[in-house]
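> Let me begin by handing over the structure; questions about it come next.
What follows is calculated from the coordinates using simple rules that are stated; it is not laboratory data. Here the structure is a predicted model, which is why all the values come from computation and not from measurement. All Cβ positions, glycine included, derive from the backbone under ideal geometry; neighbour counts span all protein chains shown.
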Amino acid sequence: AYNFNAGPAALPLEVLQQAQEQFVEFENSGMSLMEMSHRGAIYERVHNETEQLVRELMGVPDGYKVLLVQGGASTQFAMVPMNLLKPDQAAAYVATGSWATKAIKEAKLFGEVAIAASSEADAYKRIPSLDELNVPGNAAYVHLTSNETIEGTQWAEYPDTGDVPLVADMSSDILCRPVDVSRFGLIYAGAQKNLGPSGVTIVVVREDLVGAPSMTVPTMFRYDTHAKSGSLYNTPPSFAIYMANRVLNWVKAQGGAAGVERLNREKANLIYSTIDASGGFYKGFANADSRSIMNVTFRLGSEELEKKFVKDSEAAGFVGLKGHRDVGGLRASIYNAVPLSSVKALVDFMGEFARTNG
Ligand code: PLP
C-alpha cells in the first residue's frame with residue numbers, strides 16, 4: 001500500500017523485514033528479545049544503543065539526558081508542567097493548533113498558563129512570526145509544537161527565548177531535519193511517526209531541568225526517576241525500543257538527519273508544487289511560509305469532491321489521505337519512511353484526478 005497515515009505511520013520496509021527475521025530468535029540466544037529480562041546484558045545493550053543513537057543522530061550535546069519513557073506525548077503534556085513549573089511562575093505556550101491546544105489544556109491543570117502567541121484567529125493556518133512572541137517575565141518555560149500534525153504547519157525557524165527554557169513537542173517531526181538541540185531545554189516526541197511503532201516516547205532534557213519538582217508528582221511522572229535509572233526504573237516497552245533502535249539505524253544509513261531532510265524536502269516540494277500548479281483545483285490549507293514537510297494538508301472545491309478523492313485514492317491503493325475531522329479536507333503524511341516512489345505515485349494520481357474531475 002502507499003501508506004500516508006498520520007500516525008502510527010509507515011515504517012521502513014527493511015526495518016519490518018529485519019524485525020520479522022529477528023523476532024523469534026534474537027542473535028542466537030534461543031529466544032525472542034521480547035522474552036528476555038530487561039536487566040539482562042542483551043536487552044541492556046539494545047536499550048543503551050538506542051539512547052546513543054538518539055544522541056548521535058540528534059547531535060545531543062553533553063549536559064542533556066535522553067529518556068525513553070511510556071505514556072505517549074500526551075503524558076508529556078502533563079509531565080512538562082508537573083516537573084518544570086514552580087509556584088509564582090507561568091507556563092508560556094504558543095497556540096498553533098490542535099496539539100498545542102491539548103498541551104495548553106493539560107498545563108492549566110497545574111498552574112498559570114500564558115499564551116505567548118496564537119494563530120487561532122487565522123484558523124491555525126500559520127505559525128506566529130518570531131516577533132509576535134510575548135513571554136512573561138515569570139515564565140518557567142516556553143512551549144511550542146514544532147509540527148502541527150492536523151493543520152499541517154511547522155516552525156521553519158525556532159524562537160530564541162534567552163534564559164527561559166524552550167520546550168518543544170516534536171512528535172510529528174523529530175529527526176526530519178537537523179535541529180540545534182542546545183537551543184532547547186526539553187524536547188519530547190512519541191515514537192509512532194518518525195521513530196518506530198507506538199509505545200515509547202523520547203525525552204531529551206537539559207540536566208539542570210531534571211530535579212525535584214516543586215509540586216507533588218507521582219514517581220513515574222518525575223523526570224529524575226527516569227534520569228537516575230537510565231530509563232530502567234520499571235519494565236521498559238522493550239519491543240518499541242528495539243524497533244526504534246532499528247529505525248534509528250535506518251536513519252543513520254540514510255545519512256542521518258541531513259540525509260533524510262533532503263529527501264523530505266523533495267517529497268514535500270513534489271506535492272506542494274502539484275497543489276500550486278493545479279490552478280486552484282487543490283488549495284493548500286497552511287499558509288505557504290508555515291507549510292509542514294511532514295503533513296501536507298489541502299482541500300478541494302467541495303466536500304463531495306473530497307469524498308470522491310478519498311474513495312478513488314483508496315481504490316488506487318492509497319491509504320490515509322482523509323484529513324483529520326477537525327480540519328476536514330485531505331492530508332498526506334510524508335514522514336521519513338514514506339518512500340519517494342509513493343509520493344510520485346500520489347502526485348500522478350492527483351494530476352489525473354484533477355484532469356478527470358476539474
Ligand atoms: N503531539 C503531536 C504533535 C502529535 O502529532 C501527537 C499524536 O498524533 C501527539 C502529540 C500525541 O501523541 P501520543 O498519541 O503519543 O500521546
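> State the three equivalent ellipsoid semi-axes of the stretch 257-357, derived from the C-alpha gyration tensor as the square roots of 5 times its eigenvalues, in descending order and whole Å.
Numbers: eigenvalues 87, 44, 34 Å².
Result for the stretch 257-357: semi-axes of 21, 15, 13 Å.
> Beyond 21 Å, what percent of the Cα pairs of the stretch 24-104 remain?
Values: 1811 of 3240 pairs.
Counting pairs separated by more than 21 Å, the tail of P(r) holds 56 percent.
> Cα-Cα pairs above 28 Å in the chain: how many percent?
Values: 28605 of 63903 pairs.
Percentage above 28 Å: 45.
> Along the Cα→Cβ direction, 7 angstrom out, place labels at MET31 and GLU44. What is the inter-label distance in nm?
According to this spin-label approximation, the distance is 1.6 nm.
> Then there's this: Please give the Cα centre distance for the stretch 304-358 versus the stretch 238-256, rounded to the nearest Å.
28
> Report, in whole Å, the centroid distance computed from the Cα atoms of the stretch 175-217 and the stretch 71-117.
Cα centroid to Cα centroid, the span is 14 Å.
> Starting from the Cα of LYS322, draw a straight line to each of the aspartates and glutamates and keep only those under 14 Å, dropping any in the same chain fewer than 8 residues away.
The reachable aspartates and glutamates, counting only those whose Cα sits under 14 Å from LYS322, are GLU151, GLU303, GLU304, GLU306, ASP312, GLU314.
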